[in-house]
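Presented below is the structure to which this report refers.
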Amino acid sequence: MKKVSIVISAYNEEGNVAELHKELDKELKNVKNVTFEIIFVDDGSKDGTLKAVEKLQRKDKRVKIVQLKRNFGHEIAMTAGMDYAKGDAVIFMDADLQHPPVYIPRMIKAWQDGAEIVVTKRVDNVATSKFYKFCAKSFYWVLNMLSDTKIPASMPDFRLIDRKYVDFLKGFNEQDRLFRGLLSWIMPNDKVVVIDFVAPERFSGKTKYNFVKSLQLAINSITQFSVRPLHLATYLGIAGGALSMLLAVYVVIERYVRHNPTPGYATIVAAVGLIGAVQLVTLGIIGEYIGKIHMEVKKRPLYLADYIEAKDKEEKTKEKK
Ligand code: UDP
Ligand code: MG
């Protein structure tokens, strides 16, 4: 019989995990001829999330726990869950019920009918404001303009991936990772099924993505999939050089042809300001990339985790290279 792993990343979700498990249990009963494991990845939660999932494990042996030793972030949490998953397919979902379990039987059906990747498309998200949606849309526009790997907007981390592609994904060892980007990179053209859904409000608690975290994610997404911003320095340099030459020609003509010397003070201040700003921006961009190289070359383990299974209460500490 085929097995499906459900990977749920949870950071401070004590108010959500029991309700999610209840809904999951209800839905999974409708799926025949498949066994399940439900992997909760506790991403270093500071609240009672771990206790809550341990309680679930005591009554449901399908529950496995990957306990990360500190908060490593959502992308790494999903990676850790994927590493421990043993299923023939892996379903990724959030812990806050914004990825409704009711779609899971449909995802599995599509997989059983031959789909290798089942993605969901969020046709609406009732929890986000118009302004946030506008920012997200603009961000994906910029990202896709800059990057060769096209990442569709409104494609959340709620998806099913066949073992074949899970193994491909496990081959990516970069520290800085954006799952939806990696998935676009490997995605087959056929055998992908898209399921539309409307994301409800979180069941309990608050979003973990504040403005700074979202901005950092946006910058990371661009630097991971594109080096085009680095070309900006070259283009700005060429444009700045051309402007300076024009200005020089103008000043010479004013001075020697029209005998009308221009006072240099204002021009110099403007030029120095402009050049200074351009240099800072380009140095910042180069710095972002050098920072990434610095972090990647160390090849540190992606995370440190304990794996807790119900059966034999076995705990293993695993480091992933
Ligand atoms: N999450 C995580 N580690 C983090 C931040 C978030 O595992 O450092 C989990 C979180 O518990 C949730 C999912 O990632 O299950 C998505 O986070 P959230 O709901 O805060 O994001 P939003 O839906 O608001 O974009
Ligand atoms: Mg959420």
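The values are calculated or read from the model by the stated rules, or taken from the named source; none is laboratory data. No experiment lies behind these values; they were computed from the predicted model shown. Here the Cβ positions follow ideal geometry from the backbone for every residue, glycine too, while neighbour counts run over all protein chains shown. We work out accessible area using only protein heavy atoms, side chains counted, and drop any ligands, DNA or RNA first. Shrake-Rupley method; radii C 1.70, N 1.55, O 1.52, S 1.80 Å.
Before moving on, here are some points about what is shown:
- Computed over the alpha-carbon atoms, the range 90-174 gives an Rg to Rh ratio of 1.00, Rh here being the Kirkwood radius from the mean inverse distance.
- Portion, in percent, of the accessible area of the range 1-63 that falls on carbon or sulfur, probe 1.4 Å: 49
- Its residue count N fixes a reference of 2.2 N^0.38 Å for the range 180-321, and the Cα radius of gyration divided by that reference is 1.85.
- The calculated FRET efficiency for the pair I290 and Q112, based on their C-beta separation and a Förster distance of 41 Å, comes to about 0.30.
- Solvent-accessible surface ranking, highest first, for S45, S5 at 1.4 angstrom: S45, S5
- In this structure the range 119-217 gives 58 Å² per residue of accessible area when probed at 1.4 Å with all protein chains present.
- Largest first, the three principal axis extents of the alpha carbons in the range 1-155 are 48, 41, 28 Å in whole numbers.
- Projected label distance in nm at L215 and E309, using a 7 Å step from Cα toward the beta-carbon: 4.6
- S204 accessible area, assembled protein chains, probe 1.4 Å, Å²: 40
- For the range 14-19, 3J(HN,Hα) computed residue by residue from phi via the Karplus equation (6.51, -1.76, 1.60; θ = phi - 60°) reads 4, x, 10, 5, 5, 5 Hz, glycine and proline entered as x.
- Of G240, G291, G264, the one that fluctuates the most in a GNM where the chain has Cα springs shorter than 10 Å: G264
- With coordinates expressed along the principal axes, the C-alpha atoms belonging to the chain extend over 92, 37, 34 Å, beginning with the largest.
- Fraction of accessible area attributable to carbon and sulfur, the range 129-203 (%, probe 1.4 Å): 61
- For the chain, size of Cβ-based charge dipole, Lys and Arg +1, Asp and Glu -1, in debye: 200
- Helix-derived mean residue ellipticity, 222 nm - over the chain, DSSP H n ≥ 4, -39500 (n - 2.57), to 500: -15500 deg cm²/dmol
- Cross-link table K213/K298; K69/K206; K170/K206, entries beyond 26 Å C-alpha to C-alpha: K170/K206
- Taking 7 Å steps out from each Cα toward its Cβ at L283 and M1 produces label points 6.4 nm apart.
- With the convex hull drawn around the C-alpha atoms of the range 1-63, the volume per residue stands at 68 Å³.
- Computed E for R228/K86 - FRET, C-beta separation, R0 45 angstrom, nearest 0.05: 0.70
- DSSP bridge orientation in the range 110-240 - percent antiparallel, rounded to nearest 5: 25
- Amide H to amide H distances under 5 Å link R159 with F92, where only residues 5 or more positions off or on other chains count and H is placed in the peptide plane.
- Max mean-square fluctuation residue, GNM over the chain, Cα-Cα springs under 10 Å, options P101, P301, P261: P261
- Computed from Cα atoms, the angle from the helix 49-59 axis to the main principal axis of the chain rounds to 30 degrees.
- The residues T234, T267, T149, sorted by heavy-atom accessible surface at 1.4 Å with ligands and nucleic acids left out, run T234, T267, T149 from largest to smallest.
- Gap separating the Cα centres of the range 249-269 and the range 112-170, nearest whole Å: 55
- Computed lengthening from K299 to M145, 0.36 nm per intervening residue step minus Cα-Cα distance: 52.5 nm
- Counting Cα-Cα pairs of the range 239-308 in 5 Å increments starting at 0 gives whole-percent bin shares of 3, 12, 13, 13, 10, 8, 7, 6, 6, 5, 4, 3, 3, 2, 1, 1, 0, 0.
- Highest-MSF residue in the chain out of N260, N16, N30 [GNM, Cα springs under 10 Å]: N260
- Additional length obtainable on full extension of the chain from Q175 to S138, 0.36 nm per residue less Cα span: 10.7 nm
- Estimated FRET transfer efficiency when R0 is 35 angstrom, pair N71-A271 (beta carbons, to 0.05): 0.15
- Exposure check, 1.4 Å probe, all protein chains in place: T49 carries approximately 0 Å² of accessible surface.
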